[in-house]
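*Asks:* I'd like to ask you about the structure that follows.
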Amino acid sequence: MEVDSQDRVLVSAYYYSYLLDIGPYSSTKPEFQADSFVATLSNDLATVECARFVTGPGEDIVWNMELDFGDNAWLMVDNVLNTGASVFGSKIVDDPDVWSVVASVGNNPSPYVNDPQPPPATDISLGSDVTICHGEKVKLSPGQRCNAQYLWSTGSTNSTIEVTQAGTYWVDVTWQGNTVHDEVEVFNPAPIVFTLGNDQLICPGNSVAWNLPVFDGATYLWSDGSTSTTKTVSTTGTYSVKVSNICQTVSDTAKVTVKLPPVVDLGNDLQLCVGKEASLNYAAGPGETIQWSDGSTATALAITSPGTYKITVSNGCTIVTDEVGVTLSPLPVVDLGEDQKLCDGKEVRLSYAAKTGETVQWSDGSTSSTLTIEQAGTYGITVTNHCGAAQDEVLVTIKDAGEFLIPNVITPNGDNKNDYFQLPDHVQDGSLTVYNRWGERIFTTSSYENNWPQASLSTGVYFYTLRSKCIPDQKGMIQLIH
């Protein structure tokens, strides 16, 4: 029973009256007088206090006994000469582990005065089987009787023994002429020792299997709620198990990672600028090896010439490849042509056909492929690609047509005077076609530069058509004289 300091607890007491001819002690024994008693105080596990004492009515005798909390304590007093007495016990706890028992003897008869026999020994018991943990010990006790004899399986004759090993233990207790045998099993589970091992990387389709040792009386609980001693997994995750018995709980955790195929992407094909260098890069993951098409294994590959470049990546499970094509890309080439002349009231258009990857910006900030000009000035273009930028510009001036005269006679005789069909400046760069008198076309140009005739022609009449931006279309006759 659990008791606290200063608690008073009634201890069960037995009083037995024995006749002179059957009592355990003879009245002829000189050491006993009237009202002589044998008292026994015991519990289930602790030591026994046996005392013989002589007392008169109203006198008390006190003795101490060490008990543990929860023990079943009892007090028995045997009256030797059957003079009649009442016996009861009480307890005051002066210390949590010490009982002070007071036995008082008086003249009142006991309610058990007619019971002719001492209490039987059938309550001798080692109790239920017991489990002790590593390094622990347990005290075995069958219950104590004053003047009892004990014989244990270990050979001990003490009333109690302490054991630290597993096994079957028995005891024979002889008391009041009776021998009682009892035995108990003591279990000592082996320490729980196991490991899930290191974290593991596995290939897709493979698995990790754990087969834990079997420990007597142990339970197994995995992180997924399963309770087997074995576990097989094939997916990425963190796995743990808890193994428990009455003595201890041991846990372990391991991480399993399924190696996914490498993700390899060198990007789009590259345009390599002339005289420049490019680089292909791949950041290898844990456990990955790489090899470029030139046999190198660095994480970067320098590119200085056009071609096809390939990388092979392996993670021990899967091999993945990728490749890119590299072409040379020059700076933009821009040519807006010659300077332009703008006819009064007309417009000029500059144009540039941008190539793939090129951007265009005109001097007025516009970005279309053409620029319409209505005023004289300098007009430029900037064309940019990934390699750099190129520029060009033209000067646009105003042509004043005004009045003009187209000659109708030329004398191509080599004297450098009137040798050619000479047009005014603002009429030049138009288209000119010349026919003979039979209507045969003998000369044509889209941009006339005052250079006809270019071959020896016979004297005669020739006909022309002239188209120029700044004047109406003209038709006429030319007299050629040598």
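Each value in this text was obtained by applying a stated rule to the coordinates, not by laboratory testing. In this text the structure is predicted, and so the values were computed from the model without any measurement. When we count neighbours, we look across all protein chains shown, and the Cβ atoms used for this are built from the backbone with ideal geometry, even at glycine.
*Asks:* Scan around D322 for amide H atoms under 5 Å from its own, H built in the peptide plane at 1.01 Å from N, and keep only partners 5 or more places away or cross-chain.
*Replies:* Amide H neighbours of D322: I311.
*Asks:* Between R349 and Q474, how high is the FRET efficiency from 1/(1 + (r/R0)^6) when r is the Cβ-Cβ distance and R₀ = 22 Å? Nearest 0.05. Before the final figure, lay out the partial values.
*Replies:* Details: r = 24 Å, r/R0 = 1.09.
That pair, R349 with Q474, gives E of 0.40.
*Asks:* If you don't mind, another one. Suppose R0 equals 35 Å. What FRET efficiency, 1/(1 + (r/R0)^6) with r the Cβ-Cβ distance, do S240 and K310 give to the nearest 0.05? If you can, show how the numbers build up before the last one.
*Replies:* Values: r = 44 Å, r/R0 = 1.25.
According to the calculation, E is roughly 0.20.
*Asks:* Could you state the orientation-averaged shadow area of the convex hull built on the Cα atoms of the range 130-187, in nm² to one decimal?
*Replies:* It is 3.7 nm².
*Asks:* Using a 7 Å offset from the Cα along the Cα-to-Cβ direction at both H386 and E403, what is the distance between the two label points in nm, to one decimal?
*Replies:* Taking the two extended label points, one gets 6.4 nm.
*Asks:* Please find the FRET efficiency linking L151 to S125, where r is the Cβ-Cβ separation and R0 is fixed at 25 Å, and quote it to the nearest 0.05.
*Replies:* On the way: r = 16 Å, r/R0 = 0.64.
In this case the efficiency is close to 0.95.
*Asks:* At 7 Å along the Cα-to-beta-carbon direction for both V333 and D294, put a label point, then send me their distance in nm to one decimal.
*Replies:* With each label placed 7 Å out from Cα toward Cβ, I get 2.9 nm.
*Asks:* Please report T131, T367, T444 as a ranked list, fewest other C-beta atoms within 10 angstrom at the top and most at the bottom.
*Replies:* T367, T444, T131
*Asks:* Further question on the same structure: What Kirkwood hydrodynamic radius do you get for the range 340-399 when you take the inverse of the mean 1/r over all pairs of distinct Cα atoms, in Å?
*Replies:* Taking the inverse mean of 1/r over all distinct Cα pairs, the range 340-399 comes out at 12.1 Å.
*Asks:* Can you pick out the pairs among K276/K310; K139/K231; K417/K469; K231/K310 whose Cα atoms lie more than 32 Å from each other? List each step's numbers first, then the result.
*Replies:* Working: K276/K310 20 Å; K139/K231 40 Å; K417/K469 28 Å; K231/K310 42 Å.
K139/K231; K231/K310, as the Cα separations exceed 32 Å there.
*Asks:* Next question. Run through every distinct alpha carbon pair of the range 270-328 and return the Kirkwood hydrodynamic radius in angstroms, one decimal place.
*Replies:* Numbers: mean 1/r = 0.0826 Å⁻¹.
12.1 Å is the Kirkwood radius here.
*Asks:* Here is a follow-up. Subtracting the Cα-Cα distance from 0.36 nm times the residue separation, let me have the gained length for D419 to V264 in nm, one decimal.
*Replies:* Once the chain is fully extended between D419 and V264, it gains 48.3 nm.
*Asks:* Quick one: what are the phi-derived ³J(HN,Hα) couplings along the range 257-262, Karplus 6.51/-1.76/1.60 with θ = phi - 60°, whole Hz, x for glycine and proline?
*Replies:* Ordered by residue, 3J(HN,Hα) equals 10, 7, 5, 7, x, x Hz.
*Asks:* Which of rounded, prolate, oblate describes the range 409-480, given a ≥ b ≥ c as roots of the alpha-carbon gyration tensor eigenvalues and a/c under 1.5 marking rounded, otherwise prolate only if a/b is larger than b/c? Before the final figure, lay out each step's value.
*Replies:* Details: a/c = 1.92, a/b = 1.27, b/c = 1.52.
Cα axes put the range 409-480 in the oblate bin.
*Asks:* Just to be sure I follow: if Rg is taken over the C-alpha atoms of the range 190-279 and Rh is the Kirkwood radius over the same atoms, what is Rg/Rh? Display every interim value, and only then the final one.
*Replies:* On the way: Rg = 22.6 Å, Rh = 16.4 Å.
Using Cα coordinates only, the ratio equals 1.38.
*Asks:* At 7 Å along the Cα-to-beta-carbon direction for both Q176 and T253, put a label point, then send me their distance in nm to one decimal.
*Replies:* Distance between the two pseudo-spin positions: 6.2 nm.
*Asks:* How big, in percent, is the set of alpha carbon pairs in the range 193-344 lying more than 19 Å apart?
*Replies:* Details: 7890 of 11476 pairs.
Of the Cα pairs, 69 percent sit more than 19 Å apart.
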